[in-house]
Amino acid sequence: MKLNDALRIKTEKRIAAMQEADERRSELHARIPRVKEIDELLRDIPMRSLVGESIEDLRSESEKLNQERARLLSACGYAADYDTPKFECPECNDGGYCGLKLCKCIKAMLATGNYQESSLAHGLIDKTFESFSLEYYAEGREREQMEAILSNCKKYAEGFPDANKAAGLYFYGGTGLGKTHLTAAVANTVSKKGFSVIYESAQQIVDTLDAVRFNRADVSERKKYEACSLLIIDDLGAEFITQYSISALTSLIDLRIVNGKKTIISSNLDHNGIKKHYGERLYSRLLGEFRVLQFVGKDIRMQKIKGGNN
Ligand SMILES: [Zn+2]
């Protein structure tokens, strides 16, 4: 792996950790309004020292606010560091450097070289079958359907590559229904078994194929999509759809089917959406070669924010 790639992956992780912390903070603010007030007060404290308030007083005020915040969090069942970013590397906070020196986490990535293929480079490593909770799905048909999907995915991953005759899985359903979680869980499991897995959004794949087409990237960048044991195409339909993207993605999927390689696609589009946006060829591939799993329920992220059962 090249240094630039390692640094890019680290930076993505850092951004993901910070975004997650932001989301968690919004959740706290929605659920405990006083925490929002406290955060606003804390934010203003450094400014107040500039306009001449006593540092002593401000320090003790800030301490009291922080204590109150911790008490509120604990009373509502949250850890005190609930909305603190969780960086993978505590040495460099996923910045890649300690002072002017490269951090040892980057050196380790350069040494192993196969980090990228672990597919876990995008904050997905904690998404496992065990951490997938069915409690966000309404009891009855909804939960039964998701139970069946969960068990299907588990079998697919544990028995990879032969457990399932289908060339792949096609996940569809609205945002926040667990598609990313389960694709990541499959990726983690398959990757741990030693298979090469690539997990990328449809947009990233199209961009890379485009770069290869115009000689801005090496042809090996295209080959990796063709050769990996499992390719996960996330968010098909969210990319900028052009005649080129349609033909590039369809050809890639076709080639993988012909070569007996497995592919998982997740999308907000149902069959008709695929037919409408990508045409007959991809539509018939999905029907013929993929096991189609429809995700149901209500947006889990919204449920968490609104304070449903957690
Ligand atoms: Zn580090």
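Bear in mind that the values in this text are calculations on the coordinates, not laboratory data. Note that this is a predicted model, so its numbers are computed, not measured. Every residue, glycine among them, receives a Cβ derived from its backbone with ideal geometry; neighbour counts consider all protein chains shown.
When the pairs Lys86/Lys298; Lys104/Lys224; Lys101/Lys127; Lys155/Lys223; Lys86/Lys107 are compared against a 24 Å limit on Cα-Cα distance, Lys86/Lys298; Lys104/Lys224; Lys101/Lys127; Lys155/Lys223 fall above it.
With a simple spin-label model that places each label point 7 Å from the Cα along the Cα-to-Cβ direction, the separation between Glu88 and Val292 comes to 3.6 nm. Computed over the chain, the P(r) tail beyond 37 angstrom holds 27 percent of alpha carbon pairs. Which stretch or stretches of the range 13-45 have amide N atoms under 18 Å from the point lying 7 Å from Glu61's Cα along the Cα→Cβ direction? Under 18 Å, as judged by backbone N against the label point of Glu61, lie 35-45 of the range 13-45.
Model label points for Lys306 and Asp44, set 7 angstrom from Cα along the Cα-to-Cβ axis, are 3.3 nm apart. Across the range 262-273, computed HN-Hα scalar couplings (Karplus, 6.51 cos²θ - 1.76 cosθ + 1.60, θ = phi - 60°) run 8, 9, 10, 10, 10, 7, 7, 8, 7, 3, 5, x Hz from first to last residue, x flagging Gly and Pro.
Divide by every residue of the chain the summed helix terms, -39500 (n - 2.57) for each DSSP H run of at least 4, and state the resulting mean residue ellipticity at 222 nm, rounded to the nearest 500 deg cm²/dmol.
Details: 12 runs with 170 residues, N = 310.
One gets -17500 deg cm²/dmol as the mean residue ellipticity at 222 nm.
The ellipsoid equivalent to the alpha-carbon distribution of the range 204-310 has semi-axes of 28, 17, 14 angstrom, derived from the gyration tensor eigenvalues as √(5λ) and listed largest first.
Measuring r between the beta carbons of His277 and Leu134 and using R0 = 45 Å, the FRET efficiency lands at 0.90. Under the convention that each Lys and Arg Cβ holds +1 and each Asp and Glu Cβ holds -1, the size of the dipole of the range 221-262 around its Cα centre is about 260 debye.
Computed from Cα atoms, the angle from the helix 243-258 axis to the main principal axis of the chain rounds to 70 degrees. Quick one: Cα centre-to-centre distance for the range 24-83 and the range 121-188, in angstrom? Their Cα centres are 38 Å away from one another. Available extension along the chain between Lys101 and Glu20 is 26.4 nm, counting 0.36 nm per residue and deducting the alpha carbon span. Placing unit charges on the Cβ atoms only, positive for Lys and Arg and negative for Asp and Glu, gives the range 262-310 a dipole magnitude near 140 debye about its Cα centre. For the range 1-140, the normalised intensity computed at q = 0.12, 0.19 Å⁻¹ comes to -0.72, -1.11 (log10 of I(q)/I(0), Debye sum over alpha carbons, equal scatterers, no solvent). Note on the chain: with charges restricted to the Cβ of Lys and Arg (+1) and Asp and Glu (-1), its dipole about the Cα centre is near 880 debye.
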